[in-house]
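The values are calculated or read from the model by the stated rules, or taken from the named source; none is laboratory data. Treat the numbers as computed from the prediction; the structure is a model and nothing was measured. Because the Cβ atoms are built from the backbone with ideal geometry, glycine has one as well, and the counts that use them run over all protein chains shown. Surface areas here come from the heavy atoms of the whole protein model, side chains and all, with no ligands, DNA or RNA. Shrake-Rupley method; radii C 1.70, N 1.55, O 1.52, S 1.80 Å.
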Amino acid sequence: RSIHGPADFVQTNVMGTFALLEEARAYWSALAQPEKDRFRFLHVSTDEVYGSLGPGDPPFTETTAYAPNSPYAASKAASDLLVRSYFVTHKAPVVTTRASNNYGPYQYPEKALPLMITNFMEDKPFPQYGDGKQVRDWLHVLDHCSGIETVIEKGIPGGIYNIGGGNERTNMEITRLILQTTGRDESLINYVEDR
C-alpha cells in the first residue's frame, strides 16, 4: 500500500510520531521524581529500515545502516531518527524496538501470511515477487509482545533493540510450506516482477 499511497504512511509514521513525541515530552517534563525516572517512550519500528537480506547474509544488528526499500520503510526510518533526536536534544527517555515480520492470530488480512493462506484455501493465486529468494525472519506476535515488555522494563533510554524470531526463511520456502499445509499446488504461485 505504501508504494501506491505513500502520503498516508508519511503522515502516520513521521507526523504521527512527531505529535506523540511532543505530547510525551510535555508529560514527562512535568513528572516528579521518581516517576520521571521510570517513564519510557516506546517506539515500535521495523527491521525493514535496514533493507533486505539475501541468502547467506548475516542477520541485521542494531548498528546495521539504514537502507529502506519502500516508502513505508523510509517513513519508519524517518520516525526512528525523530525519536533519536528527542533523546539527544531533550534527553527524553525513549527506547526503540525493531522487529522482524510478525505472524499470529487475528493478523490483518492483507498481510502476507493470512492473505496467502486465504488465497490458497480459495484456490486463488498469490503474487511471488521476483525469484522468492528474499530472506525474512518470522516472529510470533506473542514473542514480539514479550520482547516489547522486556525493553519497557529493562531498556536503557536511547537504546535500540532488535527483536527477532530466529526463523529466517526465504519467501519461497514460506510459500511452499503454506501450499503444502493447505494441500494446494504450486500452480497457484503467480510470479511477478520484484517491487
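Among residues of the range 9-32 that are closer than 20 Å to ALA77 by Cβ and in contact (Cβ under 8 Å) with a residue 12 or more places away in the chain, those with a Cβ under 6 angstrom from a residue that is open to solvent by 40 Å² or more (accessible area, probe 1.4 Å) and of a type outside the set (Ser, Thr, Tyr), sequence gap 6+ or separate chain, pair up as PHE9/PRO71; THR17/LEU82; PHE18/LEU82. Which count do you get for residues in the range 1-36 that are open to solvent by 60 Å² or more (accessible area, probe 1.4 Å), of a type in the set (A, V, I, L, M, F, W, C) and in a helix (DSSP H, G or I)? Going through the range 1-36 one residue at a time, the tally reaches 7. Residues that are within 25 Å of LEU142 (Cβ to Cβ), out of contact with any Ser or Thr (no Cβ under 8 Å at 6 or more places or on another chain) and of a type outside the set (A, V, I, L, M): does the range 72-91 have at least one? No: the range 72-91 contains no residue that is within 25 Å of LEU142 (Cβ to Cβ), out of contact with any Ser or Thr (no Cβ under 8 Å at 6 or more places or on another chain) and of a type outside the set (A, V, I, L, M). In this structure, THR64 does not satisfy being in a strand (DSSP E or B), of a type in the set (Ser, Thr, Tyr) and farther than 30 Å from GLN180 by Cβ. Among the residues in the range 54-62, are any at pLDDT 95 or above and either open to solvent by less than 60 Å² (accessible area, probe 1.4 Å) or acidic (Asp, Glu) (or both)? Yes, the range 54-62 contains a residue that is at pLDDT 95 or above and either open to solvent by less than 60 Å² (accessible area, probe 1.4 Å) or acidic (Asp, Glu) (or both).
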